[in-house]
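Before any comments, here is the structure.
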Amino acid sequence: MPREASPRPSPRKKTPRETAAPGPRTLAIDIGGSGLKALVLGPDGKALTERHRVVTPKPATPKAVMAALTKLIKPLGEFDRVSVGFPGVVEEGVTQTAHNLHKDWEGFDLAQALSKATGRPTRVLNDAGVQGFGVIEGRGVEMVLTLGTGLGCALYIDGKYVPNLELAHHPFRHEKTYEEYVGDAALKRVGAKKWNKHVQRVLEQIQPIWNPRHIYLGGGNAQLINFPLPKNVTITENIAGLLGGFALWKDEPRPQ
C-alpha cells in the first residue's frame with residue numbers, strides 16, 4: 001500500500017448532503033494526459049458527488065496540474081482523505097515517471113504536495129492500478145488495460161496488486177512499443193478501423209503470455225472498440241478510475 005502523508009487537518013464546513021452520510025469521505029482524483037477528474041466517495045465507497053472534470057494543462061508540469069486540481073476540487077465540499085490515480089510509476093507517494101505529462105514529475109512527492117494543499121492524508125497509486133480496484137473480482141490472475149492518451153496496465157493476483165507494471169513501454173511490433181501501437185497518437189494516425197486491429201493484436205499477444213482469468217479494458221478510447229471480444233475480456237466504465245480510490249484506504253479501521 002502506498003505511503004501516506006498525514007498533516008494536521010484543518011476544519012471544514014460540511015454541507016447538508018455530506019452531513020447525511022456519516023463516516024470517512026474520500027476525495028478520489030484521476031490524473032490523466034488529457035483530463036483531470038475528481039469526485040467524493042462516501043464511507044461505503046459509492047459516489048457522493050457528481051464527477052468533475054477539467055482539461056489537463058499544457059505543459060502538464062506539477063505546478064500547473066496542482067493549480068488545476070485546486071480549482072477542480074473546490075466545489076466538491078467536505079472530505080477526510082485523498083486517493084490519487086497517477087499515469088506513471090509511483091513509489092511511496094513519489095511519482096517516478098510521467099511519459100504523457102512532463103519530465104518534472106520525476107521524483108515529485110505528489111502525496112506530500114496534495115496533503116499539504118488539502119490538509120488531508122493522501123495516498124497515490126498508478127492510475128491503472130486504481131481503476132482495477134474499482135472492477136476486479138479478486139480471484140486468480142486479473143489484468144487491467146487502459147486505452148487513453150497512453151496505455152495503462154495493472155496486474156492482480158487474488159486481488160493483490162502487482163505495482164508499477166509498465167507494459168506500455170515494452171517493445172511490441174514493428175519497432176514500436178505497446179503504447180506507440182495503441183495509444184491515442186496511434187489512433188489519430190491510423191484511424192479507428194486500423195486501431196481496432198492493433199488492439200485486437202495486443203489482446204492476442206497478452207493472452208498466452210499472462211494467461212489472465214479476466215482482462216478489463218478501461219480508458220476513454222475503450223469505448224471505440226468494435227470487434228468481438230474474447231469471453232474473458234470486458235469493457236469497464238471509465239468512472240472506475242475514481243471509484244477504485246476507495247480501496248487505497250481499505251486497511252483503515254472504520255469508526256465505531
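The values are calculated or read from the model by the stated rules, or taken from the named source; none is laboratory data. None of the values given here were measured: they were computed from a predicted structure. Here the Cβ is made from the backbone with ideal geometry for all residues, glycine too, and neighbour counts use every protein chain on show. With ligands, DNA and RNA removed, areas are computed over all heavy atoms of the protein, side chains included. Shrake-Rupley method; radii C 1.70, N 1.55, O 1.52, S 1.80 Å.
Grab the DSSP H runs of the chain that are 4 residues or longer, score each as -39,500 (n - 2.57), total them, divide by all residues and round the 222 nm result to the nearest 500 deg cm²/dmol.
-7000 deg cm²/dmol
Which order do Lys250, Lys71 take when ranked by solvent-accessible area (1.4 Å probe, heavy atoms of all protein chains), largest first?
Lys71, Lys250
Which label belongs to the value computed from this structure, given these candidates for Cα extents along the principal axes in Å: (i) 72, 44, 33; (ii) 55, 39, 29; (iii) 67, 41, 28?
Derived directly from the coordinates: (ii).
Kindly report the accessible area of the stretch 172-226 per residue (heavy atoms of protein chains, probe 1.4 Å, no ligands, DNA or RNA), in Å².
Heavy-atom accessible area per residue stands at 54 Å².
Averaging sequence separations of C-alpha pairs under 8 Å and six or more residues apart, then dividing by the length of the chain, give the relative contact order as a whole percent.
The value is 20 percent.
Could you please report the charge total around Arg51, scoring K, R as +1 and D, E as -1 over all other residues with beta-carbon less than 12 angstrom from its beta-carbon?
The answer is -1.
Keeping the other protein chains in place, figure out the carbon and sulfur percent of the accessible area of the stretch 38-126, with a 1.4 Å probe.
Carbon and sulfur atoms account for 52 percent of the accessible area of the stretch 38-126.
Per-residue counts of other Cβ atoms within 10 Å, averaged by peptide: what ranking do you get for 188-195, 96-103, highest first?
Final packing ranking: 96-103, 188-195.
Below 16 Å, Cα to Cα, which aspartates and glutamates can Lys74 reach? Residues fewer than 8 away in the same chain don't count.
Those aspartates and glutamates meeting the cut-off are Glu18, Asp30, Glu50.
Give the percent of DSSP beta bridges with both residues in the chain that are antiparallel, rounded to the nearest 5.
Once the DSSP bridges in the chain are tallied, antiparallel ones form about 60 percent.
Give me the net charge for the shell around Gly88: Cβ to Cβ below 10 angstrom, other residues only, Lys and Arg +1, Asp and Glu -1.
-3
What net charge is computed for the residues neighbouring Gly140, neighbours being all others with C-beta under 10 Å from the C-beta of Gly140, Lys and Arg scored +1, Asp and Glu -1?
So the surrounding residues net to -1.
In the structure displayed, which of Lys63/Lys193; Lys160/Lys231; Lys37/Lys197; Lys197/Lys250 lie more than 32 Å apart, Cα to Cα?
Flagged as over cut-off: Lys63/Lys193; Lys197/Lys250.
Specify the residue with the greatest mean-square fluctuation among Pro43, Pro59, Pro121, computed from a Gaussian network of the chain linking alpha-carbon atoms under 10 Å apart.
Result: Pro59 has the largest fluctuation of those listed.
How high is the relative contact order of the stretch 14-133, given as a whole-number percent (alpha carbon pairs under 8 Å, six or more residues apart)?
RCO, the stretch 14-133: 24 percent.
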